[in-house]
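Novice: Here it is, the structure, as structure tokens.
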Amino acid sequence: MNVQMILTAMIAVTVACKPKAKVNSQAHKPPKQLEDLEKPEGSQPPAPEAPKSQEPPVVTQGQSSFDYSNLNYGLYWFNENNEFAKDQSPIAKNFYDPDKPTLIYVHGWQPDTIRDGGFESFKRTIGETTMDVSPLWKGRDWNIAIFFWQQFSDDDLLTAERKIWDKSVMSWKNNQEVSAPFNGNKSASELFFDAYQGFSTKQNNREIRLAGHSLGSQMASSLMGQILDHNAASKQKLHIPERLILLDPFFSANGKEYLQDAWTGERVRDIVDRIQTRTSTSIEAYRSSAVGFAPVAADQNRPLTEKVAFIELNSTGFLSQLDQAAKHNYAPLHYFWSIDFPPPGTLEEDGATKVLGISASTPLKDIQTFIQSGLRARVVQGGDSASPRDDIHEVRAQ
Ligand SMILES: [Ca+2]
């Protein structure tokens, strides 16, 4: 099956988000100024109110749709109602709290998304199943964000992939489907780095996960490489995500002139090597379809799967084998949903180490043990339901 056709169908499913009614957020009062609290008794009557400070107002309202007549991209924080607000300070804590652990998700290719007014969110539909996973994470006190770059990635597949690495082809599309050159002089992954740097400098909690779907896996990997480069060159170190999650990643075949003839999957493997040499970041990779690690018209990238905690999800019998688009889209839903259940149980071959299965709720140390043990897993039970609740993983040596 043609990968471009599969991915085209996939996107049509993913981005069918309808704007919903606005929900009033709680009014947010700024903290009292110190001088208000420490005013001595008998002091002068209060002076006329000083002019308002130049600080911008606290963002308390989210949005539930995009205006594609202008260019919008960046890191957007989600509240528990699947509304989102662009990363900026100050922002209400129900969108972003620097003291909380944080999940940052980045989407992939988005053909025709701008024409259709669509976008990804944490409310996802796969086959008969619609699931809003944002309450699962917000209820566990996580910040959750999406890096949106759909006005760049709404392009032909290979150009969208190239924009991740090569600023010379950056253009964006408006709601009239007119493309314009991007004047920011940065690639899509460099824009992602800028957004991450802004986040990292205000973030206190170091429990950070970075998850990318499809081409978004290349975005996430490139970001990791840029963080390592930055930290090697600068005294102002950025937080390094504890966990990198590649969800049905896609790498096109063949060497790229813009990567000095390297394949995109090869470039990501190089970054993975650097991550594993220099950091304690754990890396998970989930395959849910014939698109991810595809052997035809793409790069299967077997050497990558051997370096990370690799989980084969394509025993997803609740979806038709012909519907590879839905299977491709299942990986993010599976990962986000799995935070709601204990780590999956495992069946093990004789002599295998007793390990936990891999999911969003598996502790970091258990994922590291899994990787160090040279194991891989595949779902052998529970594939006839979308929920990860009933999944059993078979674990075996690589
Ligand atoms: Ca299941």
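The values are calculated or read from the model by the stated rules, or taken from the named source; none is laboratory data. Just so it is clear, the model here is predicted, and its values are computed rather than measured. Note that we place each Cβ from the backbone using ideal geometry, even for glycine, and neighbour counts take in every protein chain shown.
Novice: Could you list all residues from segment 301-313 that are part of a loop (DSSP other than H, G, I, E, B), away from the ligand (no atom under 13 Å from the Cβ) and in contact with a helix residue (DSSP H, G or I) (Cβ under 8 Å, 6 or more places away or on another chain)?
Specialist: Of everything in segment 301-313, those that are part of a loop (DSSP other than H, G, I, E, B), away from the ligand (no atom under 13 Å from the Cβ) and in contact with a helix residue (DSSP H, G or I) (Cβ under 8 Å, 6 or more places away or on another chain) turn out to be ASN301, LYS307, VAL308.
Novice: A further question follows. Any idea which of LYS100, LYS93 is in a loop (DSSP other than H, G, I, E, B), at pLDDT 95 or above and over 18 Å from the mean Cα position of the chain (by Cα)?
Specialist: LYS93 is the lone residue from the list that is in a loop (DSSP other than H, G, I, E, B), at pLDDT 95 or above and over 18 Å from the mean Cα position of the chain (by Cα).
Novice: Select from segment 350-366 the residues that are without any contact (Cβ under 8 Å) to a residue 24 or more places away in the chain and among the β-branched types (Val, Ile, Thr) and write down the one among them that is farthest from the ligand (Cβ to nearest atom).
Specialist: The extreme case among them is THR353.
Novice: State whether the residues of segment 176-185 include one that is crowded, with 22+ Cβ neighbours inside 10 Å and either basic (Lys, Arg) or at pLDDT 95 or above (or both).
Specialist: Within segment 176-185, none of the residues are crowded, with 22+ Cβ neighbours inside 10 Å and either basic (Lys, Arg) or at pLDDT 95 or above (or both).
Novice: While we're on this one: Quick one: would you say LEU347 is more than 10 Å from the ligand (Cβ to nearest atom) and over 25 Å from the mean Cα position of the chain (by Cα)?
Specialist: Taking the combined requirement at face value, the residue satisfies it.
Novice: Name the single residue that is farthest from GLY345 (Cα to Cα) among those in segment 384-398 being away from the ligand (no atom under 16 Å from the Cβ) and in a strand (DSSP E or B).
Specialist: Applying the filter and picking the extreme gives ALA397.
Novice: What's the number of the only condition in (1) in a loop (DSSP other than H, G, I, E, B); (2) out of contact with any Asp or Glu (no Cβ under 8 Å at 6 or more places or on another chain); (3) surrounded by fewer than 24 Cβ atoms within 10 Å (Cβ to Cβ) that GLU190 fails to meet?
Specialist: All conditions are met except number (1).
Yes/no matrix, rows are residues, columns are (1) under 24 Å from PRO57 (Cα atoms); (2) of a type in the set (A, V, I, L, M, F, W, C):
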position: LEU75; (1), (2): yes, yes
position: LYS86; (1), (2): yes, no
position: PHE95; (1), (2): yes, yes
position: PRO98; (1), (2): yes, no
position: THR102; (1), (2): yes, no
position: GLY108; (1), (2): no, no
position: GLY118; (1), (2): no, no
position: ARG140; (1), (2): no, no
position: ALA145; (1), (2): yes, yes
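Novice: Restricting attention to segment 367-383, and to residues there that are within 16 Å of the ligand (Cβ to nearest atom) and in a loop (DSSP other than H, G, I, E, B), which single residue is nearest to PHE341 (Cα to Cα)?
Specialist: Top of the filtered list is GLY382.
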